[in-house]
Amino acid sequence: MLNSLSPDLITGGHCSFPLPSDASCASVARSSLTIVMNDLGLPSDLIDDGALAVSELATNQLLHAPSSSAELWTWIRTRPSPHLVVTVFDTARDVIPVRSDDYLLDEHGKGLAIVAALAASVGAHPSRARLQANPVEGKAVWFTLPLPQPWIGTSVKPNPLRARQQLLHALRSRGLPAKRVSDAPGTTTIHLDRLRIDITCDGFAWCTEDGLPLRYPLLDLQDAVEAIILQIDTSS
């Protein structure tokens, strides 16, 4: 059964929570994610996996970035199949985990083997805070969990105009001066520095610096925002 948080999550929104910079960090992350997953009506074994994995991420963050302002983010990714994305953000951008030879997520040589074993996928990338007044730079370490099939969110038809407003707000709130420059029939164009983002009923579309076309479904708004931030913050 879907409850109070679910409508926003299944239409491209997110749930975000501040995490304390003390020993309660893992407990707060675990309880916050459990609330979200229960609200989505997910099975208990998946909730247990998510709670354990996010506890490990939060503990790892506290060990390696103890003075950081940490945040927990969750949203739903629909492509290539529906997954719950769970992210722990901190402001230590200079300490980004990398994949080791055995494909476990490593940081300072300590593999987050539990997270890798429980999750469908894991990763990390530069990002920016969501909950702070100023657009603080940092990193996002994330994992995904598969959602039950068929997933109710795949039948949702987002409104492109609403998606445009959500994208503009998401980028501006994180310190990126995005501007709407045109509304042609069926297409809205947003400019951000040298980046042109087209929004249609089919999704968000833009090109990398190398000219590689990228496209994200409208329901994957949060993934699109993270990809845009990554491209802007790492561009030459």
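The values are calculated or read from the model by the stated rules, or taken from the named source; none is laboratory data. In this text, all values refer to a predicted model and were calculated from it rather than measured experimentally. Glycine gets a Cβ as well: all are built from the backbone with ideal geometry, and neighbour counts include every protein chain shown.
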Odd one out for residue 172 among (1) modelled with pLDDT of 90 or more; (2) touching an Asp or Glu at 6+ places or on another chain (Cβ under 8 Å)
(2)
The range 145-175, subset polar (S, T, N, Q) and not in a loop (DSSP other than H, G, I, E, B), residue surrounded by the most Cβ atoms within 10 Å (Cβ to Cβ)
166
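For the range 1-98, which strands (runs of 3 or more DSSP E) that fit wholly inside it have 3 or more residues that are assigned by TED's automatic domain parsing to the domain that holds residue 123 and surrounded by fewer than 19 Cβ atoms within 10 Å (Cβ to Cβ)? Show your work before the answer.
On the way: elements: 14-19, 70-77, 83-90.
In the range 1-98, the matching strands (runs of 3 or more DSSP E) lie at 14-19.
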Taking the range 176-217 and keeping residues touching a Pro at 6+ places or on another chain (Cβ under 6 Å) and part of a loop (DSSP other than H, G, I, E, B) leaves 201
Somewhere in the range 195-217, is a residue modelled with pLDDT of 95 or more, among the small types (Gly, Ala, Ser) and surrounded by 14 or more Cβ atoms within 10 Å (Cβ to Cβ)?
yes
Where the second residue is of a type in the set (Lys, Arg) and modelled with pLDDT under 95 and the first is part of a strand (DSSP E or B) and lies in the range 132-144, which pairs have Cβ atoms under 7 Å and are six or more apart or on separate chains?
137/93; 138/93; 139/93
